[in-house]
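In what follows, a single structure is set out as structure tokens and then discussed.
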Amino acid sequence: MLERLANKRILLGVTGSIAAYKAAEIVRRLRETGTEVRVVMTRAATEFVTPMTFQALSGNPVHLELLDAQAEAAMGHIELARWADAILVAPASANFLARLREGRADDLLGALCLAKDVPLILAPAMNNRMWRDHATQDNLQTLKSRGVLVFGPDEGSQACGETGTGRLQEPSNIVAQLADIFKGGALDGLRVLLTAGPTQEAIDPVRYISNHSSGKMGYALATAAMEAGARVTLVSGPVSLAPPAGVQVIPVTTAVQMAKAVMAQLNATDIFIATAAVADYRPAEVADEKIKKSAENLTLNLTRNPDILRTAKQTMPGVYCVGFAAETTDVMNHARAKLTDKGVEMIAANLVGTAAGDSGFGSDNNTLILCTRESEVTLPLAPKNKIAREVITHVARLYPLWRQTRKDSAQILRFGKPPIS
Ligand SMILES: Cc1cc2nc3c(=O)[nH]c(=O)nc-3n(C[C@H](O)[C@H](O)[C@H](O)COP(=O)(O)O)c2cc1C
């Protein structure tokens, strides 16, 4: 397993924790697996361990300052961020979590974490009361929802003499978990964008139009795509689910917000899976004040919401698009019509409402028919996380074939003949 780290480039951030000395052991173990390591230390970290230690162990100069012309000329901060296959901050201090959450770039490590386009992993280490503090936990949840991975901390006796949660994970565990990040999956290196949950369309400051979508299917798909090696972004309507670890979550409320968030992500997307139950209509006008109960009848004037899936496909034909069709009757016909109408590659059709029994909205189970132009595959009733893994397996199998067909058609258009294979 550790051989997955061979030739990988790990940027190790060391911050001002009493556990900083254990980072030396992390560097040693990484080097043993053939990993290239560069170390960045915060100023506080240098009070605990000298840069010389890390320079000797990593075989590379240690990076300390952001505003240092000489260091910038040798390997600039952006270059350093580009160099890495992953950034590991171990130990990560409480102070560093707070800075990272705020997006501060006033030191080298903070700037690198903002400039990165690779997985960021934190291994926190601190006194157990600092760890339990509301601010630390709040920072951590926010960072996790942005896709930051967190290893540990462990429970046990601490340097301060107390016992509790806050010990840096053992270096061997940190290195083993880091190796897992590089495991080859069916969607290795691909970028998957998903939408999930319902949208809420305001009528007045206290009321809205929505639907019964729980978001469970979309969240399960996001987790399955992440486990298959994809870099996953999830645009989520209001749901009561915890953000899946390692997935970047963009929370939205309305269909218009969801459309905007999707469009902003599309050109960094290979596969788009639209599971959200987007409201088709929203009130044409949102009342400034709560609408009073006076008239016997009330008519709401509704206006169409953007069709996110159709617009996504039209804007970026090179993105493989999967739509979900939740229907109460005649599922297959509606799914087939949607496939053609929206011009997408796959429709996953499911029955919702009373006829669905123990599947569909809110349930932990689902049954789906995956409908493409060439095939129909039924996934029988199973827990949503199992169904999600099966959907991802199908998408991962069909995506490269679709890419190849697109390339071939482009070549026929350019040269008037099929390519030589
Ligand atoms: C002896 C000592 C040990 C410390 N250990 C920790 C620790 O384990 N975790 C932590 O979050 N802060 C610890 N601190 C506090 C940090 O060093 C301090 O918040 C510092 O500003 C962190 O800076 P940095 O995040 O830029 O590295 C310790 C401070 C002292 C004096």
| query | Among the residues of the range 105-118 satisfying the criterion of being within 14 Å of Ala44 (Cα to Cα) and part of a helix (DSSP H, G or I), which is farthest from the ligand (Cβ to nearest atom)? | reply | Leu108
| request: Mind listing whichever residues of the range 77-99 are within 15 Å of the ligand (Cβ to nearest atom) and of a type in the set (Gly, Ala, Ser)? | output: Ala90, Ala92, Ser93, Ala94, Ala98
| Out of all the residues in the range 274-291, is one or more surrounded by 11 or more Cβ atoms within 10 Å (Cβ to Cβ) and among the polar types (S, T, N, Q)? | yes
| Filtered residue count, the range 96-130, keeping only those that are free of Cβ contacts under 8 Å to residues at least 60 places away in the same chain, within 19 Å of Ile250 (Cβ to Cβ) and surrounded by 20 or more Cβ atoms within 10 Å (Cβ to Cβ) | 2
| remark: By residue number, the members of the range 36-56 that are free of Cβ contacts under 8 Å to residues at least 40 places away in the same chain, hydroxyl-bearing (Ser, Thr, Tyr) and not in a helix (DSSP H, G or I) are Thr50
| query | Does any residue of the range 39-50 turn out to be in contact with a Gly (Cβ under 8 Å, 6 or more places away or on another chain), assigned by TED's automatic domain parsing to the domain that holds Leu114 and modelled with pLDDT under 95? | reply | no
| request: Only residues that are surrounded by 14 or more Cβ atoms within 10 Å (Cβ to Cβ) and either under 22 Å from Val49 (Cβ atoms) or not assigned by TED's automatic domain parsing to the domain that holds Val40 (or both): list them for the range 66-76, please. | output: Leu66, Ala71, Met75
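Residues checked against (1) under 11 Å from the mean Cα position of the chain (by Cα); (2) farther than 29 Å from Gly323 by Cα; (3) not in a strand (DSSP E or B):
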| site | (1), (2), (3) |
| --- | --- |
| Gly189 | no, no, yes |
| Val192 | yes, no, no |
| Met217 | no, no, yes |
| Ala222 | yes, no, yes |
| task | State whether the residues of the range 55-76 include one that is at pLDDT 95 or above, touching an Asp or Glu at 6+ places or on another chain (Cβ under 7 Å) and within 15 Å of the ligand (Cβ to nearest atom). | result | no
| Among the residues of the range 80-95, is there at least one that is within 30 Å of Asp188 (Cα to Cα), without any contact (Cβ under 8 Å) to a residue 60 or more places away in the chain and of a type in the set (A, V, I, L, M, F, W, C)? | no
| said: Going residue by residue through the range 231-238, is there one that turns out to be part of a helix (DSSP H, G or I) and in contact with a strand residue (DSSP E or B) (Cβ under 9 Å, 6 or more places away or on another chain)? | reply: no
| message | Tell me whether the range 22-35 contains one or more residues that are among the β-branched types (Val, Ile, Thr), touching a residue at least 60 places away in the same chain (Cβ under 8 Å) and in a loop (DSSP other than H, G, I, E, B). | response | yes
| field | Which listed residue is within 16 Å of the ligand (Cβ to nearest atom) and acidic (Asp, Glu), from Glu102, Glu36 | value | Glu102
| query | Based on what the data block shows, is Pro244 part of a loop (DSSP other than H, G, I, E, B), assigned by TED's automatic domain parsing to the domain that holds Ala202 and modelled with pLDDT of 95 or more? | reply | no
| query | Out of the range 150-162, which residues are loosely packed, with under 12 Cβ neighbours inside 10 Å and assigned to a strand (DSSP E or B)? | reply | Gly156, Ser157
| message | Of everything in the range 64-106, what is of a type in the set (D, E, K, R) and touching a strand residue (DSSP E or B) at 6+ places or on another chain (Cβ under 9 Å)? Give them in sequence order. | response | Asp85, Arg101
| message | I need the full set of residues from the range 194-208 which are of a type in the set (A, V, I, L, M) and either part of a strand (DSSP E or B) or within 16 Å of Pro251 (Cα to Cα) (or both), in order please. | response | Leu194, Ala196, Ala202, Ile203
| said: I'd like to check which strands (runs of 3 or more DSSP E) are fully inside the range 305-421 and have at least 3 residues that are exposed (fewer than 14 other Cβ atoms within 10 Å of the Cβ) and at pLDDT 85 or above. | reply: 376-383
| When the range 131-149 is examined, which residues are found to be crowded, with 18+ Cβ neighbours inside 10 Å and part of a helix (DSSP H, G or I)? | Trp131, Thr136, Asn139, Leu140, Leu143, Lys144, Ser145
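The values are calculated or read from the model by the stated rules, or taken from the named source; none is laboratory data. Everything numeric in this text was worked out from a predicted model, so none of it was measured. No Cβ is skipped: glycine too gets one built from the backbone with ideal geometry, and neighbour counts run over all protein chains shown.
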